[in-house]
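J.: First the structure, which I've put down as structure tokens, then a few questions once you've had a look.
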Amino acid sequence: MFGLGWPEVVIILIAAVLIFGPKKIPELGSTLGKTLRGFKEGISETEAEQDEQDEDYRG
């Protein structure tokens with residue numbers, strides 16, 4: 001996982017809880033998930049548009 005071992009992941013999670021608080025963590029996770037989903041959809045749309053342009057160029 002990004003070259004991180006379990007001790008590093010645990011330290012990051014503890015730091016996140018200390019900084020944001022336990023009530024804010026689920027909200028942050030939800031926001032991160034929505035952001036990643038939007039990013040993936042944007043990439044898919046861009047790839048589809050690129051495919052359409054390639055087809056138009058070919059003939």
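The values are calculated or read from the model by the stated rules, or taken from the named source; none is laboratory data. From a predicted model like this one, the values you see are computed outputs, not experimental measurements. So basically every Cβ, Gly included, is an ideal-geometry build from the backbone, and we count neighbours across all protein chains shown. Ligands, DNA and RNA are stripped out before the accessible areas are found, and what is left, the full protein with its side chains, is counted by its heavy atoms. Shrake-Rupley method; radii C 1.70, N 1.55, O 1.52, S 1.80 Å.
J.: For region 27-45, does any single residue satisfy the condition of being surrounded by fewer than 10 Cβ atoms within 10 Å (Cβ to Cβ), more than 14 Å from the chain's Cα centre (by Cα) and of a type outside the set (A, V, I, L, M)?
T.: No, region 27-45 contains no residue that is surrounded by fewer than 10 Cβ atoms within 10 Å (Cβ to Cβ), more than 14 Å from the chain's Cα centre (by Cα) and of a type outside the set (A, V, I, L, M).
J.: Hey, another quick one. Of all residues in region 4-21, count the ones that are modelled with pLDDT of 85 or more and open to solvent by less than 100 Å² (accessible area, probe 1.4 Å).
T.: 11
J.: What pairs come up if the first residue lies in region 42-59 and is in a helix (DSSP H, G or I), the second is open to solvent by less than 100 Å² (accessible area, probe 1.4 Å) and aliphatic (A, V, I, L, M), and their beta carbons are under 9 Å apart, counting only those six or more places apart or on different chains?
T.: The qualifying pairs do not exist here.
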